[in-house]
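The values are calculated or read from the model by the stated rules, or taken from the named source; none is laboratory data. Note that the structure is a prediction, hence the values are computed from the model and not measured. Ideal geometry is used to build each Cβ from the backbone, glycine not excepted, and the neighbour counts take in all protein chains shown.
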Amino acid sequence: MQHPENDSKYKGLTVNQGVENLPSVNPYATFRRKKTVLSPEAYFEGIRRGDMTILSQAVTLVESNLLADQAIAQKVIEMCLPYAGQSIRLGVTGVPGAGKSTFIEALGTELCRMGKRLAVLAIDPSSERSKGSILGDKTRMNELSAEHNAFIRPSPSAGSLGGVARKTRETIVLCEAAGFDTIMVETVGVGQSETAAQSMVDYFLLLQVTGTGDELQGIKRGIMEMCDGIAINKADGNNIERARAARVSFKNALALFPPAASGWQAQALCCSSIDHSGVLDVWENVLDYIAFTKRNGYFEQKRTEQAKYWMYETVNQALLDGFYKNETMEALIAQAEQQVLRNEISSFIAAHNLLTEYGRNQKQQ
């Protein structure tokens with residue numbers, strides 16, 4: 001490029017030519033490193049000896065939607081199953097802002113100092129628009145992340161309902177086989193519909209904060225009926241008296257519910273994740289519940305029911321995947337969608353026709 005400023009009439013002024021534009025792509029990056037996939041036996045051996053890197057890779061494999069990854073993951077899970085089931089599984093839910101991550105860090109730090117091995121499975125909500133997740137829970141748990149006996153794994157919900165990811169159940173099996181004796185599952189906090197989360201843990205804890213509504217909020221069915229205990233968090237500073245008042249309200253609300261199948265009467269406690277006050281009281285309540293349900297036989301009964309529940313959930317998910325990933329159905333689904341958009345056919349008839357065609361297609365195969 002020529003610059004008029006370099007003309008001889010402009011004395012003492014010179015503009016350099018500069019350099020050519022460099023390519024935006026690194027010319028030295030001639031290849032992309034391929035993902036290392038181990039054999040099922042190698043994953044299993046690494047998990048059993050407590051290798052956190054291999055455990056993380058195995059969890060990623062379990063969460064993958066690739067058929068090749070799923071085939072390996074299922075073999076790894078099958079090998080780990082005999083070594084699973086020996087942990088205490090604690091689910092933590094609550095409205096956004098209730099302090100779930102802070103509470104888990106406070107309790108988790110105390111447990112690690114007691115010699116416990118803790119795995120935290122934090123479920124992060126996925127965007128309905130971009131389908132992405134921040135996965136920032138590990139970053140927020142700075143103190144717990146530094147504990148040698150702690151393993152924190154954030155996972156995207158990926159559109160799964162119930163406050164957990166679809167593969168959280170399998171991840172619990174891997175963590176238990178790795179020797180973790182305490183598993184905490186932090187849900188996305190979706191409100192009053194967390195059946196999936198409750199169906200994979202032993203004790204389901206509902207975190208509450210003051211100022212969320214009057215006593216009628218506590219009487220509402222749903223999440224309140226599923227929880228095994230309530231902890232009013234942020235009971236510190238000027239909020240202590242309000243937290244105590246909220247505890248009384250929730251305690252009265254819990255008394256109005258019919259007895260749970262376990263025979264356990266859920267309690268309401270106060271705690272502060274900031275100064276760790278009352279946190280170990282919540283843990284003592286968890287241990288009391290575990291001991292109580294093991295004595296009356298409900299503990300094993302619940303885990304058996306959970307196994308049956310997830311068998312049906314796996315079947316349902318496989319049927320959905322088979323329907324939407326069928327090559328023949330993809331074109332028919334797109335066609336039916338356009339017919340619905342043009343008001344040529346109702347949504348219900350379109351769905352009926354698609355299911356009928358899918359059934360016919362399966363018989364032909």
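Evaluating residue 197 against the criteria (1) modelled with pLDDT of 80 or more; (2) in a helix (DSSP H, G or I); (3) under 30 Å from residue 78 (Cβ atoms); (4) among the hydrophobic types (A, V, I, L, M, F, W, C) leaves one unmet condition, (1).
Kindly evaluate residue 188 against the criterion of being surrounded by 22 or more Cβ atoms within 10 Å (Cβ to Cβ), part of a loop (DSSP other than H, G, I, E, B), in the same structural domain as residue 279 (by TED's automatic domain parsing) and at pLDDT 85 or above. When the stated conditions are applied, residue 188 does not pass them. Scanning the stretch 303-311 finds no residues that are part of a loop (DSSP other than H, G, I, E, B) and surrounded by 11 or more Cβ atoms within 10 Å (Cβ to Cβ). The condition of being in contact (Cβ under 8 Å) with a residue 40 or more places away in the chain and of a type in the set (A, V, I, L, M) holds for only one of 279, 248, that being 279. List the pairs whose first member sits in the stretch 160-184 and is within 16 Å of residue 63 (Cα to Cα) and among the hydroxyl-bearing types (Ser, Thr, Tyr), whose second member is assigned to a strand (DSSP E or B) and at pLDDT 85 or above, and whose Cβ atoms are under 6 Å apart, counting only residues at least 6 apart or on separate chains? As it stands, the answer is 168/121; 171/121, since those pairs meet every condition given.
The conditions of being at pLDDT below 90, surrounded by fewer than 16 Cβ atoms within 10 Å (Cβ to Cβ), within 28 Å of residue 290 (Cα to Cα) and not β-branched (Val, Ile, Thr) are not met by residue 23.
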